[in-house]
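The values are calculated or read from the model by the stated rules, or taken from the named source; none is laboratory data. Remember, predicted model here, so these are calculated numbers, not experimental data. FYI the Cβ positions are ideal-geometry reconstructions off the backbone, even for glycines, and counts take in every protein chain you see.
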Amino acid sequence: MLPIRSLALLIGLVDAVPTVEIAPGVQMPMIAFGSYNGSYRGCTVEEGVLQWLKLGGRHVDAAHMYETEADVGAAVKASGVPREEIFLTTKIPGPIGRNATHQMILTETLPKLGMDYVDLVLIHYPCADLKDFPNKCGAAQHAERLDTWRGLQELRSAGKIRAIGVSNYNAEQVEEVIQEFKEVPAVNQVQFHLAYHNETLLKSGVRLEAWASLAGPTASYQQVPSISLTDPRLMALAQRYGVSSAQVELRWETQKGVVPITATCTKAHVLGDLDIFNFTLSAQDMEYLDRLMPTEMEEYA
């Protein structure tokens, strides 16, 4: 059974998802829906994105690497939601240089999406070859990262992109953009969940987006720890607020200023995700969740 607030969302009684300004005049909704195939169980990417949009979600995250940009574009078209109401993020693979960036966005990304512009484009990884990530993405690829950023700047000036940012960058790689271009990336999309949250990046001044926001299947390939949504400590906390454990984790992220990315085929889960802004975790509970570790066995009620 859906929580009362999620039932209210169905009949339009719950406030819209808040937004945050990530660049001058660019407002980004504070929760997004991903389009990575590996996150889906029981529906296609197109079906999942379409349901998200039909139920009120307005922020969709895509990437060239996912090979689902055409599915996202089809879902947006089928939804009937005006393009200007949707915030769409996509990502180019890594530092590919200025000319390749122009070509990819203009001849691949935009045609696949069936759109004239993208709201946010990120450099997906700080190195061109994922076998080098994260330990070999240093100075050797510094020049290529900067040249790729120049390409994104030019596309932004041409009106093909509204905001530009990075993904999976560490603090030093973010700083090289700031030093060279005297601008802060609009977003840094990184792995961020209860068991794996980089507080240094959080304090960097760059807006963080959270992939693997619930430590789901996308977290597993890096073999990082996770805290299950059935963890009794998390479930006890959720029960006190009358929400799900997933809603607690997503709300913890948004109260920290992080924009979570989710993905689900289940209508009830979509409604729950969109409903996380209608309760507030206490300062004490935020501190508790900050300290929660996968191996910690203390009681909390």
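Step by step: first the residues of region 42-60, then only those that are outside any helix (DSSP H, G or I) and out of contact with any Pro (no Cβ under 9 Å at 6 or more places or on another chain), then the one that is nearest to GLY73 (Cα to Cα). Which residue is that? Before you say what the answer is, go through the steps one by one.
If we filter region 42-60 for residues that are outside any helix (DSSP H, G or I), which is where we start, we get 42-44, 55-60.
Then drop every residue that is not out of contact with any Pro (no Cβ under 9 Å at 6 or more places or on another chain), which leaves 42-44, 55-56, 60.
Numbers: GLY42: 20, CYS43: 16, THR44: 13, LEU55: 17, GLY56: 17, VAL60: 10 Å.
That would be VAL60.
Out of the residues in region 110-158 meeting the condition of being within 19 Å of TYR66 (Cβ to Cβ) and acidic (Asp, Glu), tell me which one is modelled with the lowest pLDDT.
Across region 110-158, the extreme among qualifying residues is ASP129.
For residues in region 154-180 being of a type in the set (Val, Ile, Thr) and surrounded by 18 or more Cβ atoms within 10 Å (Cβ to Cβ), which is nearest to HIS102 (Cα to Cα)? Spell out the reasoning first.
As a first pass, look at region 154-180 and keep what is of a type in the set (Val, Ile, Thr): 161, 164, 166, 174, 177-178.
Among the residues that remain, those that are also surrounded by 18 or more Cβ atoms within 10 Å (Cβ to Cβ) are: 161, 164, 166, 174, 177.
Details: ILE161: 11, ILE164: 13, VAL166: 16, VAL174: 22, VAL177: 19 Å.
Filtering region 154-180 for residues that are of a type in the set (Val, Ile, Thr) and surrounded by 18 or more Cβ atoms within 10 Å (Cβ to Cβ), the one nearest to HIS102 (Cα to Cα) comes out as ILE161.
Assess whether GLY151 counts as being among the small types (Gly, Ala, Ser) and either buried (at least 18 other Cβ atoms within 10 Å of the Cβ) or touching a strand residue (DSSP E or B) at 6+ places or on another chain (Cβ under 7 Å) (or both).
Criteria met by GLY151.
Select from region 77-93 the residues that are in contact with a helix residue (DSSP H, G or I) (Cβ under 8 Å, 6 or more places away or on another chain) and crowded, with 22+ Cβ neighbours inside 10 Å and write down the one among them that is nearest to ALA268 (Cα to Cα). If you could, list the steps in order and put the result at the bottom.
Let us first name the residues in region 77-93 that are in contact with a helix residue (DSSP H, G or I) (Cβ under 8 Å, 6 or more places away or on another chain), namely 78-79, 81, 83, 86, 88, 90-93.
In the following step, the residues that additionally are crowded, with 22+ Cβ neighbours inside 10 Å were identified as 88, 90-92.
On the way: LEU88: 23, THR90: 26, LYS91: 28, ILE92: 32 Å.
My answer is LEU88.
Can you confirm whether ALA238 is of a type in the set (A, V, I, L, M) and without any contact (Cβ under 8 Å) to a residue 24 or more places away in the chain? Please lay out each step first, then the result.
On the way: of a type in the set (A, V, I, L, M): yes; without any contact (Cβ under 8 Å) to a residue 24 or more places away in the chain: yes.
Taking the combined requirement at face value, the residue satisfies it.
Just one of the numbered conditions (1) within 26 Å of GLU47 (Cβ to Cβ); (2) within 17 Å of the chain's Cα centre (by Cα) is not true of LYS256; which one?
Against the list (1) within 26 Å of GLU47 (Cβ to Cβ); (2) within 17 Å of the chain's Cα centre (by Cα), LYS256 comes up short only on (1).
Within region 149-192, restricting attention to residues that are of a type in the set (Phe, Trp, Tyr) and assigned to a helix (DSSP H, G or I), which residue is farthest from THR90 (Cα to Cα)? Don't jump to the end; show me each part of the working.
Within region 149-192, the first condition is being of a type in the set (Phe, Trp, Tyr), and the residues that meet it are 149, 169, 181, 192.
Those left that are additionally assigned to a helix (DSSP H, G or I): 149, 181.
Numbers: TRP149: 15, PHE181: 22 Å.
Filtering region 149-192 for residues that are of a type in the set (Phe, Trp, Tyr) and assigned to a helix (DSSP H, G or I), the one farthest from THR90 (Cα to Cα) comes out as PHE181.
Hey, does region 217-234 have a residue that's more than 23 Å from GLY94 (Cα to Cα) and buried (at least 24 other Cβ atoms within 10 Å of the Cβ)?
Within region 217-234, the subset more than 23 Å from GLY94 (Cα to Cα) is 225-234.
Checking the rest, the ones that are also buried (at least 24 other Cβ atoms within 10 Å of the Cβ) come to none.
Scanning region 217-234 turns up no residue that is more than 23 Å from GLY94 (Cα to Cα) and buried (at least 24 other Cβ atoms within 10 Å of the Cβ).
State whether one or more residues within region 218-239 are within 14 Å of the chain's Cα centre (by Cα) and either at pLDDT below 95 or assigned to a loop (DSSP other than H, G, I, E, B) (or both).
Within region 218-239, one or more residues are within 14 Å of the chain's Cα centre (by Cα) and either at pLDDT below 95 or assigned to a loop (DSSP other than H, G, I, E, B) (or both).
Please find, within region 250-277, the residue that is surrounded by the most Cβ atoms within 10 Å (Cβ to Cβ) out of those that are of a type in the set (Lys, Arg) and not in a loop (DSSP other than H, G, I, E, B).
Here is the first cut: in region 250-277, the residues of a type in the set (Lys, Arg) are 251, 256, 267.
Among the residues that remain, those that are also not in a loop (DSSP other than H, G, I, E, B) are: 251, 267.
Working: ARG251: 24, LYS267: 15.
Once the filter is applied, the top-ranked residue is ARG251.
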